[in-house]
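These notes concern the structure reproduced below.
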Amino acid sequence: MWEDDFAARLAALRETKGVSARDMSLSIGQNAGYINGIENGRALPSMSAFLFICEFLGITPAEFFDVENSDPALLCELISDLKKLDGEELRSIEEIVKRLSNK
């Protein structure tokens, strides 16, 4: 992942969470323009700041870099809920997902 991709991924995940760059910056203990600076390509976070960003977004670092997953926090929640279903219920959900993904 290149710096531009990192910035775009951060912006997309932040917007999915529905929080402003300023609020996110302050929530992770940074100055008000911190996230904006990253998203505009002026800076990259340190490793510890990146881990705080992931924690704030409710995702793992691996999920951050999984660009095919547009909403990793939602997918994680869905998987957690799916684990509570029995085999028959899971097969029903599988059929629905297959139909939706073939559209």
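The values are calculated or read from the model by the stated rules, or taken from the named source; none is laboratory data. In this text the structure is predicted, and so the values were computed from the model without any measurement. With ideal geometry, Cβ positions are generated from the backbone for all residues, glycine too; neighbour counts draw on all protein chains shown. Surface areas here come from the heavy atoms of the whole protein model, side chains and all, with no ligands, DNA or RNA. Shrake-Rupley method; radii C 1.70, N 1.55, O 1.52, S 1.80 Å.
Among the protein heavy atoms of the stretch 26-103, carbon and sulfur supply 57% of the accessible surface, probe 1.4 Å, non-protein parts ignored. Local charge sum around residue 68 (other residues, Cβ-Cβ under 15 Å, Lys/Arg +1, Asp/Glu -1)? Counting the neighbours of residue 68, the net charge comes to -3. Charge dipole of the chain (Cα centre as origin; +1 on each Lys and Arg Cβ, -1 on each Asp and Glu Cβ, all else neutral): 220 debye, rounded to the nearest 20.
Please report the relative contact order for the chain, taking Cα pairs under 8 Å with a sequence separation of at least 6, and give it as a percent rounded to a whole number.
Working: 65 pairs, mean separation 23.4, N = 103.
The normalised contact order for the chain reaches 23 percent.
Over the chain, average the accessible area per residue using a 1.4 Å probe and give it in Å², no decimals. Don't skip to the end; give the middle numbers.
Values: 7070 Å² over 103 residues.
Here the residues of the chain average 69 Å² of exposed surface.
In this label model, residue 99 and residue 12 are separated by 2.8 nm, measuring between points 7 Å along each Cα→Cβ vector.
With runs of 4+ DSSP H residues as the only contributors, calculate the mean residue ellipticity of the chain at 222 nm using -39,500 (n - 2.57) per run, divided by the residue total and rounded to the nearest 500. Intermediate values should be presented prior to the final figure.
On the way: 7 runs with 70 residues, N = 103.
Helix contribution divided over all residues of the chain: -20000 deg cm²/dmol.
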